[in-house]
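*Asks:* Quick one: the structure is below, and I'll ask about it shortly.
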Amino acid sequence: MAAKSTQRSIGQVLATLKNEFPDISISKIRFLESEGLITPERAPSGYRRYSPDDVERLRYILSVQKNNYLPLKVIREHLDLMDRGMAPPALEPGRPATPPTQLVSAAKPAQAPLRLSRESLLEASGLTDAALEDLERTQIVSTRRGTAYYGREALAIAVAAKRLAEYGIDTRHLRAFKMSADREVGLVEQAIAPHVRRAKSNRDVAAEVTQLVISFHAALVRTAMDR
């Protein structure tokens, strides 16, 4: 008698993980696959088939998103370590983790633009339609300029808004954060204007300064929260 296959369909994977991760959906699993974090096999019929290792990999991704609020970039670095037989950095429950400097590659290729429909954004983030409308009304979340699609930043904001709401941080608070961010952007644009005019590529200057400001801001917030 042939051994029973241990591979599972995407529906079976969803049923396996639903109790542990109530916000999981088929769209979210497919989104993580589109980001290259999981790579299930394809049956001759074209359907995805998930091995036990795929399920455990997915459980790890969902766990560090839920408990440590890790962004996909850091999760990808952890998975790369695991794929090389190394242990990922130890994580403190409920605290964001900063990836080791040596794991951050300056030569990583740019990711393809993400194009999410409204329905896909709702499913991937777990937001309700009313909550998304509230975020759009205050211009915290918006579609990509000139399109009807949402990008990576819209998804990141939506996911964070969903999680923050669980701690009583609602749209009123998020609007204050946005106003603060808008002021910071204005200051940065004014400060780097002379460098942008001299640089060969305005995008290179803006991208580098943006990353520095984000790192600086994150460090300030962590420092203040530790007091």
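*Asks:* Which condition breaks for Pro44 when tested against (1) farther than 24 Å from Tyr167 by Cβ; (2) open to solvent by 80 Å² or more (accessible area, probe 1.4 Å); (3) at pLDDT 85 or above?
*Replies:* Pro44 satisfies all of (1) farther than 24 Å from Tyr167 by Cβ; (2) open to solvent by 80 Å² or more (accessible area, probe 1.4 Å); (3) at pLDDT 85 or above except (3).
*Asks:* To continue, here is another question. Do we find that Pro22 is at pLDDT below 80 and open to solvent by 80 Å² or more (accessible area, probe 1.4 Å) in this structure?
*Replies:* So Pro22 does not fit the description; no.
*Asks:* Given the structure, is Asp80 within 26 Å of Ala219 (Cα to Cα), open to solvent by 60 Å² or more (accessible area, probe 1.4 Å) and modelled with pLDDT of 80 or more?
*Replies:* yes
*Asks:* Any residue at all in segment 179-189 that's under 20 Å from Ile140 (Cβ atoms), touching a residue at least 40 places away in the same chain (Cβ under 8 Å), open to solvent by less than 60 Å² (accessible area, probe 1.4 Å) and out of contact with any Pro (no Cβ under 7 Å at 6 or more places or on another chain)?
*Replies:* Within segment 179-189, not a single residue is under 20 Å from Ile140 (Cβ atoms), touching a residue at least 40 places away in the same chain (Cβ under 8 Å), open to solvent by less than 60 Å² (accessible area, probe 1.4 Å) and out of contact with any Pro (no Cβ under 7 Å at 6 or more places or on another chain).
*Asks:* What are the pairs, 6+ residues apart or on separate chains, where a residue within segment 37-48 that is closer than 25 Å to Arg76 by Cβ has its Cβ under 7 Å from a residue that is open to solvent by 80 Å² or more (accessible area, probe 1.4 Å)?
*Replies:* Partner pairs satisfying both residue conditions: Arg48/Arg42.
*Asks:* If we scan segment 120-133, do we find a residue that is at pLDDT 75 or above, outside any loop (DSSP other than H, G, I, E, B), open to solvent by 40 Å² or more (accessible area, probe 1.4 Å) and more than 20 Å from Ile26 (Cβ to Cβ)?
*Replies:* Scanning segment 120-133 turns up at least one residue that is at pLDDT 75 or above, outside any loop (DSSP other than H, G, I, E, B), open to solvent by 40 Å² or more (accessible area, probe 1.4 Å) and more than 20 Å from Ile26 (Cβ to Cβ).
*Asks:* Quick check: is even one residue across segment 171-194 closer than 23 Å to Leu72 by Cα, at pLDDT 90 or above, under 22 Å from the mean Cα position of the chain (by Cα) and not in a helix (DSSP H, G or I)?
*Replies:* No, segment 171-194 contains no residue that is closer than 23 Å to Leu72 by Cα, at pLDDT 90 or above, under 22 Å from the mean Cα position of the chain (by Cα) and not in a helix (DSSP H, G or I).
*Asks:* In segment 54-75, what count of residues is obtained for those that are open to solvent by 40 Å² or more (accessible area, probe 1.4 Å) and at pLDDT 90 or above?
*Replies:* 4
*Asks:* Further question on the same structure: Might you check whether a residue that is more than 22 Å from Pro22 (Cβ to Cβ) and among the β-branched types (Val, Ile, Thr) occurs anywhere in segment 193-208?
*Replies:* For segment 193-208, residues more than 22 Å from Pro22 (Cβ to Cβ) and among the β-branched types (Val, Ile, Thr): present.
The values are calculated or read from the model by the stated rules, or taken from the named source; none is laboratory data. These numbers come from a predicted model, not from an experiment. Note: ideal-geometry Cβ built from the backbone for every residue, glycine included; neighbour counts use all protein chains shown. For accessibility, only protein heavy atoms count, side chains too; no ligands or nucleic acids. Shrake-Rupley method; radii C 1.70, N 1.55, O 1.52, S 1.80 Å.
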